[in-house]
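To start, the structure itself, in structure tokens.
The values are calculated or read from the model by the stated rules, or taken from the named source; none is laboratory data. The structure presented is a predicted model; accordingly, all values stated were derived computationally and were not measured. Note that we place each Cβ from the backbone using ideal geometry, even for glycine, and neighbour counts take in every protein chain shown. To get the accessible areas, we keep the full protein, side chains included, count just its heavy atoms, and leave off ligands, DNA and RNA. Shrake-Rupley method; radii C 1.70, N 1.55, O 1.52, S 1.80 Å.
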Amino acid sequence: MKTLENCYELNFSKINFMERKIRITHPKTIITGASKTGKSYLIYDFLSNFKTKDYIYIDFKDSRNDIEEVSNNLDVFLRQNEIKVLVLENFSFEFNLPYCDNIIISTNIPKVLRGFKNVTVSALDFEEYLLQDIRHQNITQSFNNFFKYGNLPEVINIDEHKKVQRLQEIIKLQALNDTQFEILKLLFENIDEKKSLYQLFTTLKSKIKISKDKFYETCKILENNKTIYFLQKYNQEKATKKIYSYNHSFLNAISHNKKFKNEFANMIFLELVDKYKEIYYLDNIDFYIKSKKLAIVGIPFFNTFLVKATLKKIYKIMEEHEIKELNIITVSNDEKINHPNLRINVIPFYEWALS
């Protein structure tokens, strides 16, 4: 039982864990989420509550581990060593779970099991990012780096000249093959765009050989594990959806084409996605939170005079949908706009994200 013996010797007590808003609070938990969002560190934090002899940590992506040996002997090994916590990292439910007081599973396959709590780990929001960004002394510097290099915990303290390279490596790591890599690139290149899956498939098919079924299946997997989000237009299920990535900076890492507005909108979306169950878009409105009667629009460099025509269109849509409040998110502008029937706030991203 070499695999189990070696896994049982692993000690995570010396790993430094940065505080997150999300924690493991249930003894039986299934953790999902996109690549490099901090799923493993959440588990290490949970294990810090136990003595090393009380847990076993098995990573199914570790090529040294014999899965057949684990499957055949795990139940007996747990009982013999009186193990209180079983951790199965990158588990694909290849075998039935044995009995254990605490079972923590990380997986790319979202699964609902009786008695288990499901937790989805997203990348850092801006507030969490600030807590971990120890290099920069002011919020402007932190915002610039957050925008440029994204929200993944491990990228924060990498040397600046290596950040883009690491982001590219992370994209390649989550692609099982060249075809998946091309699909990921295509989706990241189209963040904040209204594109149907068929349009995307047609674009990709002109570059590589791929079946429609395979493309659709891969997109569904990426949606399920929260790598990609498809945002629906309110009350129009058949309308083209908008595409967002779990890390807004991937676009900058794979392309020299600058789409500042798209990345900025994606960054705003990620601040909303864990706070509200239902988010939609409308014509001229980036994000609509129906439960709050709230519209959110990203205008990085706001100028009241220049966007006068745009504001008129937004007000019209707001009145049609009985929306009472509009937040215009900017890079640094902050002002009030008077309106007889609506509450209008023009607010910098960093102030809005922390409010």
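Numbers at a glance
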read-out: Criterion violated by Lys292 - all others in (1) farther than 19 Å from Lys194 by Cβ; (2) open to solvent by 40 Å² or more (accessible area, probe 1.4 Å); (3) of a type outside the set (A, V, I, L, M); (4) at pLDDT below 95 satisfied; value: (4)
read-out: Hits in region 1-54 - residues which are surrounded by 15 or more Cβ atoms within 10 Å (Cβ to Cβ), assigned to a helix (DSSP H, G or I) and over 18 Å from the mean Cα position of the chain (by Cα); value: Thr3, Leu4, Cys7, Tyr8, Tyr44, Asp45, Phe46, Leu47, Asp54
read-out: Odd one out for Lys111, checked against (1) without any contact (Cβ under 8 Å) to a residue 60 or more places away in the chain; (2) in contact with a Phe, Trp or Tyr (Cβ under 7 Å, 6 or more places away or on another chain); (3) open to solvent by 20 Å² or more (accessible area, probe 1.4 Å); value: (1)
read-out: Tabulated pairs, region 189-216, first open to solvent by 90 Å² or more (accessible area, probe 1.4 Å), second among the hydroxyl-bearing types (Ser, Thr, Tyr), C-beta under 6 angstrom, 6+ apart or interchain; value: Lys194/Thr240
read-out: Positions within region 55-80 being open to solvent by 50 Å² or more (accessible area, probe 1.4 Å), under 24 Å from Ile24 (Cα atoms) and either touching a helix residue (DSSP H, G or I) at 6+ places or on another chain (Cβ under 6 Å) or part of a loop (DSSP other than H, G, I, E, B) (or both), in sequence order; value: Lys61
read-out: Filtered residue count, region 161-184, keeping only those that are more than 18 Å from the chain's Cα centre (by Cα) and assigned to a loop (DSSP other than H, G, I, E, B); value: 2
read-out: Some residue of region 116-137 being over 30 Å from Pro348 (Cβ atoms) and either in a loop (DSSP other than H, G, I, E, B) or over 18 Å from the mean Cα position of the chain (by Cα) (or both); value: yes
read-out: Residue in region 14-24 that is at pLDDT 95 or above, of a type outside the set (D, E, K, R) and either touching a His at 6+ places or on another chain (Cβ under 6 Å) or under 30 Å from Phe126 (Cα atoms) (or both) present; value: yes
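Residues are listed down the side, and each one gets a yes or a no for (1) surrounded by 15 or more Cβ atoms within 10 Å (Cβ to Cβ); (2) not in a loop (DSSP other than H, G, I, E, B):
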{"site": "Lys261", "(1), (2)": "no, yes"}
{"site": "Met267", "(1), (2)": "yes, yes"}
{"site": "Leu270", "(1), (2)": "yes, yes"}
{"site": "Lys275", "(1), (2)": "no, no"}
{"site": "Ala309", "(1), (2)": "no, yes"}
{"site": "Lys313", "(1), (2)": "no, yes"}
{"site": "Glu319", "(1), (2)": "no, yes"}
{"site": "Glu322", "(1), (2)": "no, no"}
{"site": "Pro340", "(1), (2)": "no, no"}
